[in-house]
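What follows is one structure encoded as C-alpha cells, with my remarks underneath.
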Amino acid sequence: MTATLEKLSPWLFTIGIFVFWEAVCRVFKVDKFILPAPSEAFMAMAQYWRPLLRHSLVTLWTTMAGFALAIVFGIVLGLIVGWSRTIYRGLYPVMIGFNCIPKVAVVPILIMWFGIGEIPAILTAFLISFFPIVVNVATGLATMEPELEDVLRALGASKLDIMLKVGIPRTQPYLFGSLKVAITLAFVGTVVSETVGANAGLGYQIALSGSTFQMPLVFAALLLLAIEGIAMYAAFAYVEVYFTRWAFRSSMSAAAQ
Amino acid sequence: MTASVDIGAVTLTYRGASGGVLALQDTTLNIQRGEFAAVVGPSGCGKSSLMKLVTGLVPPDSGEIVIFGDKVHGPVKIAGMAFQNPNLLPWRKVIDNVLLPLEIVRPHREQFRRRKQEYREKARALLKTVGLDGFADRFPWELSGGMQQRVSLCRALIHEPALLMLDEPFAALDAFTREELWCVLRDLWQKLSFTVILVTHDLREAAFLADTIHVMSARPGRIVLSKKVDLPRPRDLDICYEPQFTNIVHELRAKIAEVRKA
C-alpha cells in the first residue's frame with residue numbers, strides 16, 4: 001500500500017497542484033489576462049497544437065544540439081583541468097568568472113555574430129550548461145584515492161595508465177550526475193535566446209503570445225517547456241543509473257550519495 | 001642469505017605549508033631475501049613514509065635504498081602493495097580487480113590480451129587459496145570487509161612481486177576476521193616465499209607473523225630496536241597464548257612506551 005502510494009505520489013502532487021490552481025482561478029475569478037486557469041492553458045494547447053508542436057521540436061533540437069556540444073567540450077575540458085593541478089589552478093578563476101556572466105547578456109552578441117535564428121539558441125544552451133559538466137569531471141579526477149595511485153605507480157604505471165584504468169572510470173558517476181543538472185540549464189539557455197531574438201521555438205512563442213496578450217497560449221508554452229525538461233531529466237537519470245549502477249551500490253562515490 | 005632491502009642512513013623531510021617536517025632521520029634497516037619483517041611504532045612515526053621510500057614513490061633527502069642489489073630511483077615496479085583500505089575498483093568484478101596489476105606491469109601488459117585466459121586461471125587459483133572460491137564474478141561491494149581485504153592481498157600478489165609492502169592491512173577489521181587473515185597471509189607467504197614489509201601497530205600481529213620486528217621511535221622516526229622472533233614455524237594461532245610469545249609482545253610494548261615518552 002505505502003509502496004504504491006510512493007509510486008503514485010509524483011502524479012498525485014502534480015494533479016493536486018493543477019486542481020489547486022484551477023480552484024484559485026475559479027473561486028477568485030482571476031482575469032485570464034493575469035493568470036489563466038490550467039484548463040484554459042490546456043485548451044489553448046489543444047487549439048494551437050500544430051504551431052506549439054513545431055516550436056517545441058525546434059526548442060528540443062536546439063537544446064539537444066547545444067547540450068551535445070556541452071557534453072563533448074565539458075568532458076574534454078574537465079579531463080584537462082583534472083589532469084594537472086597547475087592547469088586546474090590556472091583555469092579555475094577564469095571559468096568561475098565566465099560562469100558568473102549572465103548568459104542573457106551574451107545573447108545580443110551572439111545574435112550580432114550569427115543573426116536571428118537557431119545558432120544563438122544552440123550556443124546559449126551550450127554556454128550555460130557546460131560548466132557543471134567540467135566541474136564534475138574535474139572533481140571526479142581530483143578526488144582519486146592517493147593510496148590507489150600509489151599502488152599503481154609502484155607497479156610502474158604512467159599518468160596515462162592511471163587515468164585510463166582508474167581516473168576516467170571513476171569519473172563516470174560525477175559526469176552522469178552532472179548531465180541531469182546540465183540538461184535543465186540547457187533548456188533555460190535556449191529559451192532565453194529564443195525570447196530575445198528568434199523566429200521559432202517555445203521562447204519565441206512565449207514572447208510573441210505575451211506581446212499580444214494571449215496568456216493561455218503563454219502558459220501552454222510554459223507547460224510544454226516543463227514537460228520537455230522533465231522528460232530529458234528522466235532520460236539522463238535513467239542513463240546515469242544504467243551506466244553507473246556500481247556507484248549507487250558502493251560508498252565510493254560522493255556524487256552518488 | 002642476501003639482503004633484499006637495504007635502507008642506509010635515510011633522512012626524509014616533508015615540506016608542508018607550515019614548514020618542513022622531519023619524518024625520518026638516519027634510518028637504517030636491512031631485510032633479507034624471503035624474510036618477513038614487521039615495522040611497529042607509535043602513530044605518526046613515519047612508518048608509512050618508510051613504505052613510500054622503499055617503493056620509490058618518494059625520494060629520500062639523503063641516504064640510499066638498495067633493493068635486490070639495485071639502487072632505487074623512482075618507482076620500483078616489483079612491489080605489491082596493500083593498505084588498510086582495500087581500495088578496490090567498484091566498477092570491476094573481483095577477478096578484474098585482481099588482474100589490474102597484470103594490465104600494467106611489464107612484461108605482462110604486452111601479453112595481457114593474448115594470455116588472458118591463462119591469467120584468469122591464475123587469478124582464480126589465487127582467490128581460491130585465500131578462500132574466495134566462487135566469488136570471482138561478484139563485485140567488490142557485494143563482499144564483506146574481510147573478503148575485500150583478501151581480494152586486495154590477491155591483487156598485491158598476482159604479478160608475483162618479490163616484495164610485498166603492507167601498510168596496516170588488517171587495522172580496519174574485527175578481531176576474528178583479523179586473526180583469520182593473519183593465517184591467510186602466513187599461508188600465502190609460506191607458499192609463495194616473497195619478502196614482506198608489514199607496517200602495523202598491532203604488536204601481536206607483528207609477533208605472530210614476522211621473523212624480525214623493527215621498532216621505530218616517535219618522529220623523527222629511527223629504528224630503535226630490531227628483535228628476532230624465534231618462534232618455530234609453521235606457527236599456529238594457539239602460539240599467541242604461549243609465555244614465550246607473550247614475553248616478546250611485552251618487551252616490544254615496553255620499548256614503545258619508552259620511545260613515546262622520550
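Quick notes
- The protein assembly as shown - charge dipole about Cα centre, Lys and Arg +1 at Cβ, Asp and Glu -1, debye rounded to 20: 560
- Tensor-based shape of the range B:90-148 (alpha-carbon gyration tensor, a/c under 1.5 rounded, otherwise prolate or oblate): prolate
- The range B:61-120 versus the range B:183-262: alpha-carbon centroid distance in Å: 26
- Anisotropy class of chain A from Cα gyration tensor, a/c 1.5 cut: oblate
- Debye, to nearest 20: dipole size of chain A, +1 on Lys, Arg Cβ, -1 on Asp, Glu Cβ: 40
- The charge dipole of the range B:55-160, taken about its Cα centre with unit charges on the Cβ of Lys, Arg, Asp and Glu (plus for the first two, minus for the last two), comes to roughly 440 debye.
- Averaged over peptide B:82-90, the number of partner chain Cβ atoms lying within 10 Å of each residue's Cβ comes to 5.
- For the range A:230-244 versus the range A:108-134, the inter-centroid distance based on Cα atoms is 24 Å.
- Selected from B:F139, B:T246, A:Y204, residue furthest toward positive end of dipole (the protein assembly as shown; charges at beta carbon): A:Y204
- Entries of B:K71/B:K122; B:K47/B:K255; B:K227/B:K261; B:K47/B:K122; A:K159/B:K77 with Cα pairs more than 23 Å apart: B:K71/B:K122; B:K47/B:K122
- From most to least packed by mean Cβ count within 10 Å, the peptides B:228-238, B:160-170 give B:160-170, B:228-238.
- Average beta-carbon neighbours from other chains, 10 Å sphere, peptide A:69-75: 0
- Note on A:K180: lysines with a C-alpha under 28 Å away, same-chain residues under 8 apart excluded, are A:K7, A:K103, A:K165, B:K93.
- The helix-only estimate of mean residue ellipticity at 222 nm for chain A, built from DSSP H runs of length n ≥ 4 each weighted as -39500 (n - 2.57), is -27000 deg cm²/dmol after division by the residue total.
- Across chain A, C-alpha contacts under 8 Å between residues 6 or more apart give a mean separation that, scaled by the residue count, equals a relative contact order of 26 percent.
- Global geometry of the range B:185-248, whether rounded, prolate or oblate, following the gyration tensor of its Cα atoms and the 1.5 cut on a/c: oblate
- The label point for B:N247 and the one for A:Y238, both projected 7 Å from the Cα toward the Cβ, are 7.3 nm apart.
- The distance separating the Cα centre of the range A:1-27 from that of the range A:146-182 comes to 43 Å.
- For B:55-65, mean number of other protein chain Cβ atoms within 10 Å: 1
- Between B:E160 and B:R138, the contour length at 0.36 nm per residue exceeds the Cα-Cα span by 5.6 nm.
- Toward the positive end of the charge dipole of chain B, with +1 on the Cβ of Lys and Arg and -1 on the Cβ of Asp and Glu, the farthest Cα among B:S48, B:C183, B:L88 is that of B:L88.
None of the figures in this text is laboratory data; all of them are computed from the coordinates on show. Here the structure is a predicted model, which means the values were calculated and not measured. Note that we place each Cβ from the backbone using ideal geometry, even for glycine, and neighbour counts take in every protein chain shown.
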